[in-house]
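Where a number appears in this text, it was derived from the coordinates with a stated rule and is not lab data. Computed from a prediction, not measured in an experiment: that's the story for all the values here. Note: ideal-geometry Cβ built from the backbone for every residue, glycine included; neighbour counts use all protein chains shown.
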Amino acid sequence: MAGKGKGFRLFSNLIMVILTVGALMPFILLITSSITSEAVITKYGYSFIPREIDFTAYRYLLLSGGKILKAYGMTIIVAGIGTTLNIFMTMAFGYLLSKKDLPGRNAISFFIFFTMLFSGGMIPGYIVWSQVMHVSDTIFGLICPNLMMSAFNIILMRTYFTTNVPLELCEAAEMDSCTQVGILFHIYIPLSKPMISTLALFAALAYWNDWINGLYYLVRNKELYTIQNVLNTMQNNVQFLKDYATSGMAEFSSAIPSLGVRMAIAVISIIPIMIVYPFFQKSFVRGIVIGGVKG
């Protein structure tokens with residue numbers, strides 16, 4: 001029996017090693033491609049081992065180092081404010097919908113669920129946010145549209161509150177004259193940290209990777225561009241130079257690292273996420289497991 005158990009562990013470890021290597025391979029290819037010369041990529045394609053190391057793509061990005069650092073700062077501000085508002089609204093709605101004696105609870109739940117299936121569309125949404133809410137060329141144009149609240153997250157939070165917070169604690173708190181806000185902050189939130197951390201990570205990733213809001217709602221105020229918008233603009237500029245270079249610029253345009261820049265942009269975009277994720281991994285895994293078992 002001991003031999004069989006040891007063999008199973010060896011086999012399981014081998015499978016996990018293979019899966020880990022498979023997960024790391026795209027990142028390795030991404031990094032090696034970003035430090036490979038444009039001519040080598042064009043001639044031989046992408047490779048895990050660079051034939052010729054060239055940092056031209058990163059030098060091109062460093063020319064706009066001040067702009068990139070400013071965009072990083074704007075992205076952190078937007079992601080921080082947006083994630084905070086997202087989690088606050090999700091917790092508030094989830095808490096209210098977890099109350100079975102809430103008047104109109106089923107109707108509210110239906111309307112929230114309805115938005116997961118149907119929406120007004122991109123054009124009506126743009127008209128509402130730009131002409132009614134007037135968020136164009138403001139930081140609110142990066143925070144409010146599409147990302148500030150998710151119906152799916154509200155349902156997840158409501159389910160978590162319903163199944164993982166003992167009702168007896170709430171009744172005891174009410175007997176001690178605790179308000180509903182006090183119950184939320186002193187009972188529900190401390191008992192729901194894994195799910196809150198998980199949803200916060202989802203919201204932060206959505207804000208970090210978003211470039212659609214900047215494209216739609218930042219028409220004149222380019223100073224509010226986030227890192228994704230700046231990198232997308234830089235990539236488009238490189239592609240423009242490649243596509244519209246004159247005959248006299250043919251040699252110059254062939255040296256522009258358009259392929260390498262794309263990879264370098266991807267590397268710069270994911271580095272902060274790779275640094276932050278390990279700190280949330282424990283809560284993230286726990287929240288997913290609890291939600292999957294009891295949700």
* Going by how many other Cβ atoms sit within 10 Å of their own, how do Leu191, Leu201, Leu24, Leu231 line up, fewest first? -> Leu24, Leu191, Leu201, Leu231
* Local electrostatic count at Ile227 - Lys and Arg +1, Asp and Glu -1, tallied over other residues with Cβ under 13 Å -> +1
* To do: Would you please classify the overall shape of the range 8-94 from the alpha carbon gyration tensor, given that a ≥ b ≥ c denote the square roots of the eigenvalues, rounded means a/c under 1.5, and beyond that prolate means a/b larger than b/c while oblate covers the rest?
  => oblate
* Asked: Based on the Cβ-Cβ distance of Ile108 and Met274, what FRET efficiency does E = 1/(1 + (r/R0)^6) give at R0 = 45 Å, to the nearest 0.05?
  -> 0.70
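Can you tell me how much longer the chain between Glu168 and Ile28 gets when fully stretched, taken as 0.36 nm per residue apart minus their C-alpha distance, in nm with one decimal?
Numbers: separation 140, 0.36 × 140 = 50.40 nm, distance 5.16 nm.
Extending this stretch completely gives an extra 45.2 nm.
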* To do: Determine the gain in length on full extension of the stretch Val21-Val219; use 0.36 nm per residue of separation and subtract their C-alpha separation, reporting nm with one decimal.
  => 67.0 nm
* Asked: Classify the range 22-62: rounded, prolate or oblate, from the alpha-carbon gyration tensor (a ≥ b ≥ c, eigenvalue square roots; a/c under 1.5 rounded; otherwise prolate if a/b is larger than b/c)?
  -> oblate
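On a full-extension model of 0.36 nm per residue, what is the gain between Ala92 and Lys193, subtracting their alpha-carbon distance, rounded to one decimal in nm?
Details: separation 101, 0.36 × 101 = 36.36 nm, distance 1.46 nm.
Using 0.36 nm per residue and subtracting the Cα-Cα distance, I get 34.9 nm.
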* Structure fact -> Along the dipole axis of the range 27-116 (charges at Cβ: +1 for Lys and Arg, -1 for Asp and Glu; origin at the Cα centre), the most positive-end residue among Tyr44, Ser109, Ile87 is Ser109
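By the gyration tensor of its Cα atoms, with a ≥ b ≥ c the square roots of the eigenvalues, what is the shape of the range 1-152: rounded for a/c under 1.5, prolate for a/b over b/c, or oblate?
Details: a/c = 2.90, a/b = 1.31, b/c = 2.21.
It comes out oblate by the Cα gyration axes.
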* **Euclidean distance of C-alpha centroids, the range 168-218 and the range 26-64, integer Å** => 42 Å
